[in-house]
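To keep things clear, I will list the structure first and then write my remarks on it.
The values are calculated or read from the model by the stated rules, or taken from the named source; none is laboratory data. Computed from a predicted structure; not experimentally measured. Please note: Cβ atoms are built from the backbone with ideal geometry, for glycine as well, and neighbour counts cover all protein chains shown.
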Amino acid sequence: MICKMDNKKILKMAACVAGVMVLTSCLKGGDNTQSGGAFGVIDILPSDIVPVAYIDDATPIYSPEFSKYTPGKTVAFSYTINYNAPENTAGKKYFTAVVPKVEEVPQVYASAQLSDTTTLYKNEFTISGAKLAWNMVKNHAFVQTAHPVLAKTQINRFEMSFDVTRPDTIDNQRVYGLVIRAVKESGAGAESEGGIVTAFNLSTFLGLTLQREKSEGNTDVKFRFKYIKEFNKDTTAATWGASDIISYPIAMAK
């Protein structure tokens with residue numbers, strides 16, 4: 001997947017991430033107006049045939065702006081919801097929002113063929129940290145990666161791969177590794193630290209792990225992101241880092 005993003009977009013995305021947590025506590029039929037930001041997966045609500053963005057597996061938000069995106073696209077958006085408005089008090093299966101800004105989030109499919117972590121890619125660049133930026137939505141993990149160096153305008157290629165037959169054992173628990181790799185395709189301008197949000201489709205990964213963990217009486221799937229955090233001086237070898245362990249409840253799986 002090729003991802004094109006400059007520092008301005010990175011800053012806008014970071015601002016969206018900072019505001020997204022506001023939405024979760026408010027989508028309970030409150031009686032006020034709420035503004036913020038969220039990540040979501042585009043779909044068509046079959047019962048009403050309207051374009052929506054799911055911000056989790058059970059909460060669809062409607063806006064005409066979402067009709068510009070095909071189902072399955074991943075987006076970040078700003079919104080305002082008036083809970084007193086007639087469209088939000090009529091018992092509908094979705095919230096109607098005013099959405100002034102939508103930005104498509106690059107999407108990458110996680111591959112079950114683990115990349116060769118002993119071989120470096122040409123123009124591969126480092127990741128100083130990785131974390132979930134939002135809820136898991138429709139098997140998509142919105143991941144924010146931090147980078148010590150990014151050009152002002154940079155075209156990147158991200159990939160994710162895994163091998164469910166080779167999990168780590170941490171504190172007597174099985175923890176799967178999802179390997180994230182980043183390659184600079186091109187770029188120019190001043191360099192600085194920055195962050196990038198990518199939506200990784202974990203459908204295959206969850207399909208392979210959920211049933212296994214459930215059959216063994218576990219209540220969640222544990223995984224963490226692995227990434228190159230630094231190179232040696234001549235860029236012939238890398239030191240790998242890992243995120244905190246993430247627990248995905250099996251009960252949330254659809």
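Enumerate the pairs (first residue in the range 50-75 and at negative phi; second residue anywhere and among the hydroxyl-bearing types (Ser, Thr, Tyr) and not in a strand (DSSP E or B)) with beta-carbon separation below 6 Å, excluding pairs fewer than 6 apart on the same chain, so at least 6 apart or on different chains.
Filtered contacts from the range 50-75: 51/67; 52/94; 60/94; 62/94.
Can you find even one residue in the range 165-177 that is polar (S, T, N, Q), over 19 Å from the mean Cα position of the chain (by Cα) and not in a strand (DSSP E or B)?
Yes: one or more hits.
Please count how many residues of the range 80-123 are of a type in the set (Ser, Thr, Tyr) and touching a helix residue (DSSP H, G or I) at 6+ places or on another chain (Cβ under 8 Å).
3
Can you pull out every residue in the range 231-250 that is out of contact with any Asp or Glu (no Cβ under 8 Å at 6 or more places or on another chain) and farther than 25 Å from residue 107 by Cα?
Within the range 231-250, 231, 232, 233, 234, 235, 236, 237 qualify.
Just the residues that are over 11 Å from residue 100 (Cα atoms) and out of contact with any helix residue (DSSP H, G or I) (no Cβ under 6 Å at 6 or more places or on another chain), please, taken from the range 67-79.
Correct list: 67, 68, 69, 70, 71, 72, 73, 74, 75.
Go through (1) modelled with pLDDT of 95 or more; (2) of a type in the set (Lys, Arg); (3) in contact with a helix residue (DSSP H, G or I) (Cβ under 8 Å, 6 or more places away or on another chain) one by one and return the number of the condition residue 152 breaks.
(1)
Residues checked against (1) surrounded by fewer than 16 Cβ atoms within 10 Å (Cβ to Cβ); (2) of a type outside the set (D, E, K, R); (3) without any contact (Cβ under 8 Å) to a residue 40 or more places away in the chain:
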site: 118; (1), (2), (3): yes, yes, yes
site: 123; (1), (2), (3): yes, yes, no
site: 131; (1), (2), (3): yes, no, no
site: 154; (1), (2), (3): no, yes, no
site: 166; (1), (2), (3): yes, no, no
site: 170; (1), (2), (3): yes, yes, no
site: 207; (1), (2), (3): yes, yes, yes
site: 220; (1), (2), (3): no, no, yes
site: 226; (1), (2), (3): no, no, no
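For the condition farther than 13 Å from residue 159 by Cβ, aliphatic (A, V, I, L, M) and either in contact with a Phe, Trp or Tyr (Cβ under 9 Å, 6 or more places away or on another chain) or surrounded by 13 or more Cβ atoms within 10 Å (Cβ to Cβ) (or both), what is the one hit in 110, 90, 85?
85
Please report, ordered by residue number, the strands (runs of 3 or more DSSP E) entirely within the range 38-137 with at least 2 residues that are of a type in the set (Asp, Glu) and under 21 Å from the mean Cα position of the chain (by Cα).
The strands (runs of 3 or more DSSP E) meeting that bar are 98-104.
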